[in-house]
Number of protein chains: 2
Amino acid sequence: MNKTGIPNALSILSENRQGVLRDVAFVMARHGANILTTQQSVISSGKQTDLSTLYFEFEDIVDTDSLIHELSEISEVHSVERHQPFSEIYGKRVIILGGGAQVAQVALGAVNEADRHNIRGERISVDTIPLVGEDELAAAAEAVSRLPRASVLVLAGSIMGGKVTESVIKIKKLGIPVICLSMVGSVPDHADLVVTDPIQAGVFAVMHVSSKAVFNIYRVQGRKF
Amino acid sequence: MNKTGIPNALSILSENRQGVLRDVAFVMARHGANILTTQQSVISSGKQTDLSTLYFEFEDIVDTDSLIHELSEISEVHSVERHQPFSEIYGKRVIILGGGAQVAQVALGAVNEADRHNIRGERISVDTIPLVGEDELAAAAEAVSRLPRASVLVLAGSIMGGKVTESVIKIKKLGIPVICLSMVGSVPDHADLVVTDPIQAGVFAVMHVSSKAVFNIYRVQGRKF
């Protein structure tokens, strides 16, 4: 971290070739950079199609300029750029999963509430995937634990149980609180909070994530609104 | 890729220690795994607080079981799990940026439209960050080029120009199409599509991303609806 506790961030444009991540990680480890976040993907459209972008966030090191210089010298690397970290740009993420009319209403409530928070300087994102089907929802809920900056999950629908409930139990253990709508099935028995109004469910999720609000899901855990 | 063109995905739970990524990348390169996507983050709550999760997607290799075995033997590694890749779970991402009443209406349109597509088997996510301010919006728009699976950007607001327009020009070159609402400022002069109704702007964004819809922004480029 630098003095403000904010990590450094770099992006590297390179050839999509086996071993590039190894070479980059080798240089970063030699500079003592403890990597907190990485993202890598292959560009699929535009002028740089088929090139690879690597993005890193890492704790402060003595000499970032020399790190950048040395990364630039790896033969597959085209360019190295400094950036603000994602936590400063997009902030914490509210994740909304579910299908039908209710999922868009949860998103509406969450986006409107996040707008009120972000205008005061916070950074809260609202990420929604409309989905139906027990297997599909269970996989998506379980994968929330692997999403960077995911801070709370809202399950929006009228019937969820079985494997979805197993995923809820699993991600709660990993520290992700779960809000669900009032619905049929076993999910409401395992969620941290059950909310009848979809708009309010979205609002509660943002209030929980906010660093300025006084609301915390764990203080009303197990209640139904 | 495996036979279906879908990459393999692994997650690794490990100590948060300098050099772990290097050691993991070294083993993966030795197995000939061309890494397409990586994500790493430090767990901040729950039972596994302070441990690091590494997530990889990579093209098919001869012997994934032996790769998993060798990764498990790295001393800092606690566990290695196989997963579905994110592209199969959350799919392509529609990104919505902007502030005020309109941003939630764009999200509403996009989420409802994505629900209709996903119920037929597609995977389209709608990710929204409500933001105001030229610098804040310009940074968030520019950073869309570094978001994995980001496929289209919608700018929702009533006035945008200056640095935001510079970011629009930059990400268009990187292959991300841009839709904006009808608004004051120079952004509408540079967007691929200008849409007056925020709900329709969200719908168009999803239609463009869809692999089943017949709509393509580039076929109506420069038009205003």
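The values are calculated or read from the model by the stated rules, or taken from the named source; none is laboratory data. Worth saying up front: this structure is predicted, and the values here are computed from it rather than measured. For neighbour counting, all protein chains shown are included, and Cβ atoms are generated from backbone atoms with ideal geometry for every residue, glycine included. Ligands, DNA and RNA are excluded from the accessible area calculation, which covers all protein heavy atoms including side chains. Shrake-Rupley method; radii C 1.70, N 1.55, O 1.52, S 1.80 Å.
Here are the numbers for this structure:
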read-out	value
With every protein chain in place, region B:84-135: carbon and sulfur % of accessible area (1.4 Å)	47
Members of B:Lys172/B:Lys212; A:Lys92/A:Lys224; A:Lys170/B:Lys212; A:Lys224/B:Lys92; A:Lys212/B:Lys170; A:Lys212/B:Lys173 lying beyond 31 Å, as alpha-carbon distances in this model show	A:Lys170/B:Lys212; A:Lys224/B:Lys92; A:Lys212/B:Lys170; A:Lys212/B:Lys173
Region A:118-205 - percent relative contact order, Cα under 8 Å, separation 6 or more	25
Spin-label proximity, A:Gln221 to region A:133-150 - amide N less than 19 Å from point 7 Å beyond Cα toward beta carbon	A:145
Three-way shape label, chain B, alpha-carbon gyration tensor, a/c 1.5	prolate
Candidates A:Ser66, A:Ser211, A:Ser186, ranked by Gaussian network fluctuation over chain A, Cα under 10 Å, top entry	A:Ser66
DSSP bridge orientation in chain A - percent antiparallel, rounded to nearest 5	50
Evaluated at q = 0.24 Å⁻¹: base-10 log I(q)/I(0), Debye formula over Cα of region B:23-127	-1.23
Inter-copy spacing of A:Arg223 label points, which lie 7 Å from Cα along Cα→Cβ, given in nm from shortest upward	5.2
Average beta carbon contacts from partner chains per residue of A:9-22, 10 Å cutoff	4
Computed over region B:1-119: relative contact order in percent, which uses C-alpha pairs under 8 Å that are six or more apart	32
Listed residues A:Gly99, A:His69, A:Ile6: farthest to the positive end of the dipole of chain A (Cβ charges)	A:Gly99
Average partner coverage of B:155-167, which counts Cβ from other chains inside 10 Å	0
Charged-residue dipole, Cβ positions (Lys, Arg, Asp, Glu), the protein assembly as shown about Cα centre, Debye nearest 20	1060
Cα gyration tensor category, rounded, prolate or oblate, for region B:68-122 with a/c compared to 1.5	oblate
Magnitude of the charge dipole, region A:53-175, Cβ model with Lys/Arg +1 and Asp/Glu -1, debye to 20	860
Value at 222 nm in deg cm²/dmol, rounded to 500, when DSSP H runs of n ≥ 4 in the protein assembly as shown each add -39,500 (n - 2.57)	-10500 deg cm²/dmol
Heavy-atom surface of region A:75-118, accessible at 1.4 Å and reported per residue (Å²)	33
Debye log10 I(q)/I(0) for region B:110-160, one point scatterer per Cα, at q = 0.17, 0.24 Å⁻¹	-0.63, -0.98
Over the protein assembly as shown - Rg/Rh using Cα atoms and the Kirkwood inverse-distance radius	0.95
Table column - 3J(HN,Hα) (Hz), region B:99-108, Karplus curve with 6.51, -1.76, 1.60, x for Gly and Pro	x, x, 4, 6, 4, 6, 6, 4, 4, 4
Candidates A:Leu13, A:Leu153, A:Leu193, ranked by Gaussian network fluctuation over chain A, Cα under 10 Å, top entry	A:Leu13
Accessible surface buried once A binds B (1.4 Å probe; total of both sides; Å²)	5700
Where GluC sites (Glu not before Pro) fall in DSSP loop in region A:73-130, at most 12 other Cβ within 10 Å	A:Glu73
Shielding by other protein chains, B:28-40, mean Cβ within 10 Å	6
Calculated diffusion of region A:115-225, Stokes-Einstein form, Kirkwood radius summed over Cα pairs, 25 °C and 0.890 mPa s, µm²/s	174
Relative contact order (%) - chain B, alpha-carbon pairs under 8 angstrom, separation at least six	17
Surface per residue (accessible, 1.4 Å probe) for region A:131-225, Å²	40
Selected from B:Ser210, B:Ser145, B:Ser14 as most flexible by GNM, with chain B as the system and alpha-carbon contacts under 10 Å	B:Ser14
